[in-house]
1. Among the listed residues V122, V135, identify the single one that is part of a helix (DSSP H, G or I) and without any contact (Cβ under 8 Å) to a residue 60 or more places away in the chain.
2. Only one of V188, V179, V228 is more than 18 Å from F91 (Cβ to Cβ), in a helix (DSSP H, G or I) and open to solvent by less than 40 Å² (accessible area, probe 1.4 Å); which?
3. Hey, can you tell me all the residues within the stretch 123-135 that are more than 12 Å from the chain's Cα centre (by Cα) and within 15 Å of V45 (Cβ to Cβ)?
4. One residue is enough: does the stretch 99-112 have a residue meeting the conditions out of contact with any strand residue (DSSP E or B) (no Cβ under 8 Å at 6 or more places or on another chain), modelled with pLDDT under 75 and not polar (S, T, N, Q)?
5. Being open to solvent by 80 Å² or more (accessible area, probe 1.4 Å) and assigned to a helix (DSSP H, G or I) is the filter here, so list the residues in the stretch 138-159 that pass it.
6. Answer yes if at least one residue in the stretch 246-268 is open to solvent by 70 Å² or more (accessible area, probe 1.4 Å), at pLDDT 90 or above, closer than 20 Å to F180 by Cβ and over 20 Å from the mean Cα position of the chain (by Cα), and no otherwise.
7. Condition test on M124, is it closer than 25 Å to N244 by Cα, touching a helix residue (DSSP H, G or I) at 6+ places or on another chain (Cβ under 7 Å) and surrounded by 14 or more Cβ atoms within 10 Å (Cβ to Cβ)?
Amino acid sequence: MAEKKKNTSLLTHLAGSRRLIWNLARNDIKKKFAGSYFGVIWAFVQPVITVLLYWFVFEKGLNSKATDLRTGIEIPFVLWLMAGLVPWFYFQEAMNGGTGVLVEYSYLVKKVVFQIDTLPVVKMISALFTHLFFVVFAIAVFAFMGYYPDLYTLQVIYYSVCMLVLTTGIVYATGAITVFFRDMKEVVAILLQIGMWVTPIMWSFESMVQIPEWAKTILKLNPMYYVVSGYRDALINKIGFWENPGLTIYFWIFTIVAFALGTSVFKRLRPHFADVL
């Protein structure tokens, strides 16, 4: 009961600090590219170049099929790939940025009057700027190739919220631990590399016939599987999230538990941040 009250208090505080969070997030992305000639344009160029490289390697080099094997819908491989990379790019950027946020903004952490609870959320919102551009870019590319948006496409908003809540909960823990264990950033970077290949972004479970069913079930417990599959359901398969009730319930149970644990770790370690930094 007390834990629920603490989390409610945190959410209320974050809602009350929304203007501060917005301003810090906007300044964060500007600061990231300060001094460069093209500025924030680089934040948008890099994901596009990455998609093109993966598309060239997998479709042209490895002759990957352009069919979504789960529904049998034939679609250009670059679109199938992009639908999986869009959410992963956000998750990767938010995790990397959020894990080191307290160290990066140590001068604010040391201020007694500053509410440091807002800092992890600042990185989540900052990463959304690039993510929203990439979502619009992906929808435009789909439309250009003849796959027009419809009501199912609106589910991208739902899955973005799913990813935002999940990532925020994890970052509250990793960000707090990084203050005391600086190697956490490297651990997270390695786990993200593994996660990108464990999550079916450039491959599908249906095409991996050599993987036993029990192994596929375990891999599907990865919460990012729900998000990545959801983006493809919204943009390609035209399947509603309510049509996968079991996976949806599991995802939200996992996410709520992760958020509760993450904020609990943050609050327990918070009194010692200023001393260590």
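1. V135
2. So the residue among V188, V179, V228 that is more than 18 Å from F91 (Cβ to Cβ), in a helix (DSSP H, G or I) and open to solvent by less than 40 Å² (accessible area, probe 1.4 Å) is V179.
3. F129, F133, F134, listed by residue number.
4. Yes, the stretch 99-112 has at least one match.
5. Across the stretch 138-159, the qualifying residues are F144, L151, L154, I157.
6. Yes, that holds for at least one residue.
7. When the stated conditions are applied, M124 does not pass them.
The values are calculated or read from the model by the stated rules, or taken from the named source; none is laboratory data. Given the structure is predicted, the values throughout are model-derived calculations rather than measurements. Positions of Cβ are backbone-derived with ideal geometry, glycine not excepted, and every protein chain shown enters the neighbour counts. Accessible surface areas use protein heavy atoms only, side chains included; no ligands, DNA or RNA. Shrake-Rupley method; radii C 1.70, N 1.55, O 1.52, S 1.80 Å.
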